[in-house]
1. With each label point set 7 Å from Cα along the Cα-Cβ vector, what nm distance links residue 386 and residue 227?
2. May I ask you to derive the FRET efficiency for residue 213 and residue 293 from their Cβ-Cβ distance with R0 = 25 Å, giving the value to the nearest 0.05?
3. Excluding same-chain residues fewer than 8 positions from residue 294, which lysines have a Cα within less than 18 Å of its Cα?
4. How would 243, 287 rank on accessible area, largest to smallest, probe 1.4 Å?
5. Using only the alpha carbons, work out the radius of gyration and Dmax of the stretch 110-261 in angstrom.
6. Just how far, in whole angstrom, is the stretch 1-66 from the stretch 327-354 if you go by their alpha carbon centroids?
7. Give me the orientation-averaged projected area of the Cα convex hull of the stretch 209-305, in nm², one decimal.
8. Can you give the FRET efficiency for residue 360 and residue 271, using 1/(1 + (r/R0)^6), R0 = 41 Å, r = Cβ-Cβ distance, to the nearest 0.05?
Amino acid sequence: MRVGIVGLGYVGLPLAVAFAAAGVDVLGVDTDEERIAALAAGRSYIEDVSDAALAAAGLRCGSNYAPLADADAVLICVPTPLSVNREPDLGALLSSAGALGEVLRAGQLVVVESTSYPGTTRERVAPVLERGGLRAGSDFNLAFSPERVDPGRTDHTLASTPKVVGGLTGACTDRAEALYRLVCDDVVRVSSPEVAELTKLLENIFRAVNIALVNELAMLTDRMGIDIWEVIDAAATKPYGFMRFEPGPGMGGHCLPVDPFYLSWRAREFDMPVEFIELAGKLNQQMPYHCVAKLQRMLNDRSRAVNGARIALLGVSYKPGVGDTRESPALKLVELLRALGADVVYHDALVPALDALGLRSLPLDEALRGADCAVIVTAQPGVDHDAAAAAVPCLLDLRGVTRPAANVVRL
Ligand SMILES: NC(=O)c1ccc[n+]([C@@H]2O[C@H](COP(=O)([O-])OP(=O)(O)OC[C@H]3O[C@@H](n4cnc5c(N)ncnc54)[C@H](O)[C@@H]3O)[C@@H](O)[C@H]2O)c1
């Protein structure tokens with residue numbers, strides 16, 4: 001069995017390693033030469049894949065698609081971002097499908113894992129793959145299977161998380177199911193690629209909407225003088241009918257700030273504005289501004305201004321345990337605080353530099369030394385946040401991880 005993986009990022013690399021561990025011969029393709037060089041040198045750039053696991057996998061990686069002609073199945077895991085106008089950007093997906101189409105052989109299985117709107121696999125990817133004359137569903141099999149990886153998570157793995165698959169035909173679904181059974185304990189068959197595509201979007205929209213709900217309540221409880229964290233802790237004692245979501249400085253990562261808008265874009269074609277998605281996006285985007293206002297008030301109470309203050313941000317990745325800063329609200333906070341005249345420094349052991357902002361991570365004690373205040377943006381593991389609070393005049397905790405203290409303000 002030989003499996004090709006196109007796009008060796010947060011999704012593709014762990015998948016490649018999992019297939020290799022199951023005894024499959026894995027061919028990896030990525031257009032990023034630096035990543036290919038890192039893999040050739042045995043260096044993993046994804047936290048969830050250790051160098052030892054990479055070495056054990058013995059992946060064969062390159063930037064050339066030609067070897068994929070020898071694969072039984074090819075999984076496409078390339079990025080699906082939004083364009084500057086916040087519309088689906090299928091550029092990487094369609095160019096990878098185009099390059100794969102040139103080497104595609106009859107009898108192969110192609111599975112799209114990149115998140116997209118319902119209809120992408122059938123209407124956009126299939127015609128590109130078919131340019132060489134082979135027909136999807138008859139000459140080769142085609143399916144969609146959303147990736148559900150949660151980077152940094154250890155309690156649910158690729159193997160223990162059920163994998164949804166929807167093929168163009170029943171035979172396409174059969175083959176995709178058989179493939180994923182090699183690495184997943186449970187495979188969930190659905191009737192079409194469209195159902196599988198929308199399943200992924202529903203999961204992400206569910207999270208985006210619930211985070212927005214609790215963020216809106218956090219803005220309200222701020223005015224009411226009620227501690228939102230205490231409310232959430234109390235509500236979470238209900239054994240049914242409630243699911244815990246926490247407020248924060250905004251939504252980050254590749255998925256939640258992006259994926260829901262793939263559906264809202266598609267929905268317009270059906271004369272149906274999907275208001276929950278837009279409202280959630282609007283509320284979540286307000287959070288960095290709310291956090292800056294709260295910081296201004298905290299400093300004001302101590303007769304200080306943001307202008308001229310040294311502000312130490314703790315944790316700048318979009319979530320704990322990872323070094324990924326894509327769409328991280330920390331980036332917006334730096335921009336807003338600098339616009340108000342702050343001198344911003346940061347500490348994040350998993351993010352050595354924020355090149356676009358000209359910042360490098362300082363050791364924790366150096367970041368806190370001389371700071372007028374600190375802000376916990378992302379609660380990275382291994383940081384003693386209570387000790388950090390004790391080391392600065394005041395601290396704004398945007399993650400609810402500190403014990404109450406006179407100089408601590410919580411979101
Ligand atoms: N990161 C996550 O937690 C996550 C979770 C579920 C689903 N997804 C989805 O999976 C897809 C991939 O996300 P990711 O986070 O792994 O992205 P990523 O940026 O980490 O990795 C994508 C890789 O694809 C490569 N690439 C780009 N264009 C290519 C091309 N034409 N040919 C070959 N390689 C190419 C890039 O160089 C990169 O290494 C996206 O659609 C995303 O929405 C991501």
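The values are calculated or read from the model by the stated rules, or taken from the named source; none is laboratory data. This one's a predicted model, so the numbers in the text were calculated from it and none came from an experiment. Every residue, glycine among them, receives a Cβ derived from its backbone with ideal geometry; neighbour counts consider all protein chains shown. Only protein heavy atoms, including side chains, enter the accessible area calculation; ligands, DNA and RNA are left aside. Shrake-Rupley method; radii C 1.70, N 1.55, O 1.52, S 1.80 Å.
1. Going from the residue 386 label point to the residue 227 one covers 1.3 nm.
2. Details: r = 20 Å, r/R0 = 0.81.
So, using R0 = 25 Å, E works out to roughly 0.80.
3. Output for residue 294: 332.
4. Details: 243 115, 287 0 Å².
If we order 243, 287 from most to least accessible, we get 243, 287.
5. 19.5, 66
6. For the stretch 327-354 versus the stretch 1-66, the Cα centre distance is 32 Å.
7. Details: hull surface 33.1 nm².
With every direction weighted equally, the projected area is 8.3 nm².
8. Details: r = 50 Å, r/R0 = 1.21.
With R0 = 41 Å, the Cβ-Cβ based efficiency is 0.25.
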